[in-house]
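Chemist: First the structure, then my questions, so here it is.
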Amino acid sequence: MWDSNGGVYLGYATDRTEGDPPASAPVIQYVGDRHLMSIGPAGCGITRRLLQPNVLALKDWSLVVVDPGGEMASRCAQQRDPEMTQTIILNPFGVNGLPSHGCNPVAALDPGSAEFADDALDLAEALIRPDGVAASIAASAQDLLTALVMHARLTQAGGGDLPHVRRCLGQPAGGFRAVVADMIAAAETHDWPELALKAARFAWIEADNRELNSILSCALTQTRWLDSRPMQAELGTGPVDFAVLRETPTTVFLVLPPRRLGTHAAWLRVVLAGIVQALMRSGGASTVPVLLMLDEYATLARGGLPCIDGAMARFADCGIKLWTVWRDLAQVRTLYGDGFESFVGACGVLQAFAPQDMVTAEYLSQRTGLTAYELEAKSRTVAVAPGTSISQSQAATTSYHAVPRMLPQDLRNMQDGFSVIFSHKVRNTIRAYMPVPGTRAARRRSFLRLHR
C-alpha cells in the first residue's frame, strides 16, 4: 500500500549539508508503514520544498492537508484533480479567493449508532482544551458540550450545528435551565439516558454555585470562536462523508488564514476529529492509503489532541499515516513533556531542516551517533643543570574522544534546502537536498527508497 506513487518523497540523497547542491542524486522515498515528523524553522521552505511535491505526487493516496494560508490548495488542488470532483476545500474565511465546501460535524453524527455518545464526546474533547484550567473543570465542560451536541443532533432540523450549541450556552440563567430541561426530556424521548446523566447536574445552576458556573464559563470561553460569522456559515451547512477517503483517492484541504490560526484552531481540531471518526469507524485497512499532513501541529494540538494521540498507535492498521510538521523540538516537549520521545519514537522518519535553537540542535546532534576523534598532544621538556649542561626530552601522546558525527553548529549551519533524515530503515544519518519545485533538479528521476 505505502509504495503507491513511489512512497513519500523526502528529497535527494547527498553527502553534504552546505555548498552547491548535488549535480545528480537519487531520490529518497519512504515506503514504510510508520508515521513521519518534520522539523523546520519559519522560512526554511518546508511547505514548498517538501510538502507541496508530495501533495502533487501522491495522486493514488487520500490526503488531509492542514494548509495555513491556503498555499498548497491554491497551487496543487487543480493540478492534482483537474475536474475537482475528488477535492474538498474547507475554507471558512475565503483565503486566496478559494471556495469552501462547508462541513457540519454535528450533522454527521449518527443517533442510531451505539457509539453516538462517544462520537459526540470526541467533538467535545476537540472543542475544550484542558490546558490552563483544572482537569475536573475541563472534563465537566466536555460533558456539558457532549450533552448539548447530542441534544442538537436529536432535536434540531437538519441535524443541528455548533453555532446552535453556542447559542444554548449563552442563554441567561432562566433560559439555560429551560435548555437543560429540554435535554432531559429529549433523553427520554429518544432513548438516550446518557444525555440526561450528563445534563442533569446543570438543572439548578445558581449564581452562588461556583463549580457549575466555572464549568459553564470554561465552555463559553473555549467556544467563543463560534461567534465568528464566517465560522457560523461554514458549520451551518450539511455533513461531509469523510469515509470516502478510505475507498477513493480524495484530497481535503483545511484552510485558515495565519492570523486566525491561534484563535480558531479549535475548528481544525473538530474537523479532524470527524475525519478520524469516519476513517476508523469501519475497522480494518482502507482500500487506498490515507495521509494526514498536519502543518503547524504544535498550534493545532496545544493542550492535547485526543483524536490523534489516542488513536495513532492503530493508524497503520487502518491504512492511515500521520505526518506532523513542527518549528522546533521545544514545541514537542511543551506538548508532550517528558514523554516527548514516545511521540518521536513512533515515527519511522524524523527529518529536520537547519535548527536555529539549541534544544533541537543538541538533540539532533546526539541522534547522529558518535565517532572517535583523535587528539595528539606533544610536550617538550628542557632542563638546565648548573653550569652548561642542558637536557631535552620530547613526548607525544595520542588519545581518542567520542564526539557526535555532526556537531550542533554543523546542523545549525545547514544551508537552505538541505536537511538530515533519521529512519528506522537505515543505520546512519541521511543527508538530503530538496530543490524548489519546477527547477531542473526537481525533475530528476532515480530512486533510493527506505523500504518497509
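The values are calculated or read from the model by the stated rules, or taken from the named source; none is laboratory data. What you are looking at is a predicted structure, and each value in this text was computed from that prediction instead of being measured. Note that each Cβ is placed from the backbone with ideal geometry, even for glycine, and that neighbours are counted across all protein chains shown.
Chemist: What are the residues in the stretch 186-208 that are surrounded by fewer than 14 Cβ atoms within 10 Å (Cβ to Cβ) and within 20 Å of S113 (Cα to Cα), if any?
Modeler: E188, T189, D191, P193
Chemist: Tell me, please, whether a residue that is under 30 Å from P53 (Cβ atoms), among the aliphatic types (A, V, I, L, M) and in a helix (DSSP H, G or I) can be found in the stretch 102-122.
Modeler: no
Chemist: While we're looking at this one, here's another question. Go through R166, R229, R177 for me and flag whichever is farther than 29 Å from L256 by Cα and of a type in the set (K, R).
Modeler: Of the residues listed, the single one that is farther than 29 Å from L256 by Cα and of a type in the set (K, R) is R177.
Chemist: Exactly one of these conditions fails for T85: (1) under 26 Å from G274 (Cα atoms); (2) among the β-branched types (V, I, T); (3) touching a residue at least 24 places away in the same chain (Cβ under 8 Å). Give me its number.
Modeler: Answer for T85: the failing condition is (3).
Chemist: Now for a different question. Which residue pairs have Cβ atoms under 8 Å apart, sit 6 or more places apart or on different chains, and have a first residue in the stretch 366-381 that is within 21 Å of H424 (Cβ to Cβ) and of a type in the set (A, V, I, L, M, F, W, C) and a second that is modelled with pLDDT of 80 or more and outside any strand (DSSP E or B)?
Modeler: Once the first residue is within 21 Å of H424 (Cβ to Cβ) and of a type in the set (A, V, I, L, M, F, W, C) and sits in the stretch 366-381, its partners that are modelled with pLDDT of 80 or more and outside any strand (DSSP E or B) give L370/R405.
Chemist: Out of the residues in the stretch 78-94 meeting the condition of being polar (S, T, N, Q) and surrounded by fewer than 18 Cβ atoms within 10 Å (Cβ to Cβ), tell me which one is farthest from P68 (Cα to Cα).
Modeler: Top of the filtered list is T85.
Chemist: Out of curiosity, is P355 over 23 Å from Q331 (Cβ atoms) and in a loop (DSSP other than H, G, I, E, B)? Talk me through it step by step, then tell me what you get.
Modeler: Details: over 23 Å from Q331 (Cβ atoms): no; in a loop (DSSP other than H, G, I, E, B): yes.
Considered against the rule, which asks whether it is over 23 Å from Q331 (Cβ atoms) and in a loop (DSSP other than H, G, I, E, B), P355 comes out as no.
Chemist: If the requirement is being out of contact with any helix residue (DSSP H, G or I) (no Cβ under 8 Å at 6 or more places or on another chain), more than 23 Å from L63 (Cα to Cα) and not basic (K, R), which of these qualifies: P249, P230?
Modeler: On the way: P249 fails: more than 23 Å from L63 (Cα to Cα).
So the residue among P249, P230 that is out of contact with any helix residue (DSSP H, G or I) (no Cβ under 8 Å at 6 or more places or on another chain), more than 23 Å from L63 (Cα to Cα) and not basic (K, R) is P230.
Chemist: Condition first: of a type in the set (D, E), surrounded by fewer than 22 Cβ atoms within 10 Å (Cβ to Cβ) and touching a strand residue (DSSP E or B) at 6+ places or on another chain (Cβ under 9 Å). Can you find one or more residues in the stretch 95-114 that meet it?
Modeler: No: zero hits.
Chemist: Can you tell me how many residues within the stretch 65-101 are part of a loop (DSSP other than H, G, I, E, B) and not aliphatic (A, V, I, L, M)?
Modeler: Within the stretch 65-101, the first condition is being part of a loop (DSSP other than H, G, I, E, B), and the residues that meet it are 69-70, 81-86, 91-94, 98-101.
Filter again for not aliphatic (A, V, I, L, M), leaving 69-70, 81-83, 85-86, 91-94, 99-101.
Residues meeting the conditions: 14.
Chemist: Restricting attention to the stretch 339-351, which residues are of a type outside the set (V, I, T), part of a strand (DSSP E or B) and touching a Lys or Arg at 6+ places or on another chain (Cβ under 9 Å)?
Modeler: C347, G348, L350
Chemist: Which count do you get for residues in the stretch 123-133 that are crowded, with 22+ Cβ neighbours inside 10 Å and assigned to a loop (DSSP other than H, G, I, E, B)?
Modeler: Matching residues across the stretch 123-133 total 1.
Chemist: Would you point out which residue out of A120, A107, A124, A42 is out of contact with any Phe, Trp or Tyr (no Cβ under 8 Å at 6 or more places or on another chain), modelled with pLDDT under 95 and over 16 Å from V252 (Cβ atoms)?
Modeler: A42
Chemist: Yes or no: the stretch 222-244 includes at least one residue that is within 14 Å of S140 (Cα to Cα), surrounded by 14 or more Cβ atoms within 10 Å (Cβ to Cβ), aliphatic (A, V, I, L, M) and touching a residue at least 24 places away in the same chain (Cβ under 8 Å).
Modeler: no
Chemist: How many residues, within the stretch 288-317, are under 14 Å from R34 (Cβ atoms), touching a residue at least 40 places away in the same chain (Cβ under 8 Å) and not in a loop (DSSP other than H, G, I, E, B)? Spell out the reasoning first.
Modeler: Going through the stretch 288-317, the residues under 14 Å from R34 (Cβ atoms) turn out to be 289, 291-292, 312-317.
So of that shortlist, the ones also touching a residue at least 40 places away in the same chain (Cβ under 8 Å) come out as 289, 291-292, 312, 315-316.
Imposing the further condition that a residue be not in a loop (DSSP other than H, G, I, E, B) reduces the set to 291-292, 312, 316.
Counting residues in the stretch 288-317 that are under 14 Å from R34 (Cβ atoms), touching a residue at least 40 places away in the same chain (Cβ under 8 Å) and not in a loop (DSSP other than H, G, I, E, B) gives 4.
Chemist: Can you give me the ranges of the helices (runs of 4 or more DSSP H) entirely in the stretch 149-258 with at least 1 residues that are farther than 29 Å from M84 by Cα and out of contact with any Asp or Glu (no Cβ under 7 Å at 6 or more places or on another chain)?
Modeler: Details: elements: 162-169, 173-189, 193-199, 210-221, 229-235.
Correct list: 162-169, 173-189, 193-199, 210-221.
Chemist: G284 fails exactly one of the following numbered conditions: (1) out of contact with any helix residue (DSSP H, G or I) (no Cβ under 9 Å at 6 or more places or on another chain); (2) at positive phi. What is the number of that condition?
Modeler: Going through (1) out of contact with any helix residue (DSSP H, G or I) (no Cβ under 9 Å at 6 or more places or on another chain); (2) at positive phi one by one, G284 breaks only (1).
Chemist: So, one more: Which residue is surrounded by the fewest Cβ atoms within 10 Å (Cβ to Cβ), if the candidates are limited to the stretch 1-57 and must be assigned to a loop (DSSP other than H, G, I, E, B) and of a type in the set (V, I, T)?
Modeler: Filtering the stretch 1-57 for residues that are assigned to a loop (DSSP other than H, G, I, E, B) and of a type in the set (V, I, T), the one surrounded by the fewest Cβ atoms within 10 Å (Cβ to Cβ) comes out as V31.
Chemist: For the condition touching a residue at least 40 places away in the same chain (Cβ under 8 Å) and either within 29 Å of the chain's Cα centre (by Cα) or in the same structural domain as A301 (by the TED database) (or both), what is the one hit in L162, L121?
Modeler: Result: L162 is the single residue among L162, L121 that is touching a residue at least 40 places away in the same chain (Cβ under 8 Å) and either within 29 Å of the chain's Cα centre (by Cα) or in the same structural domain as A301 (by the TED database) (or both).
Chemist: Go through the stretch 268-287 and report how many residues are under 14 Å from the mean Cα position of the chain (by Cα) and of a type outside the set (V, I, T).
Modeler: Counting residues in the stretch 268-287 that are under 14 Å from the mean Cα position of the chain (by Cα) and of a type outside the set (V, I, T) gives 4.
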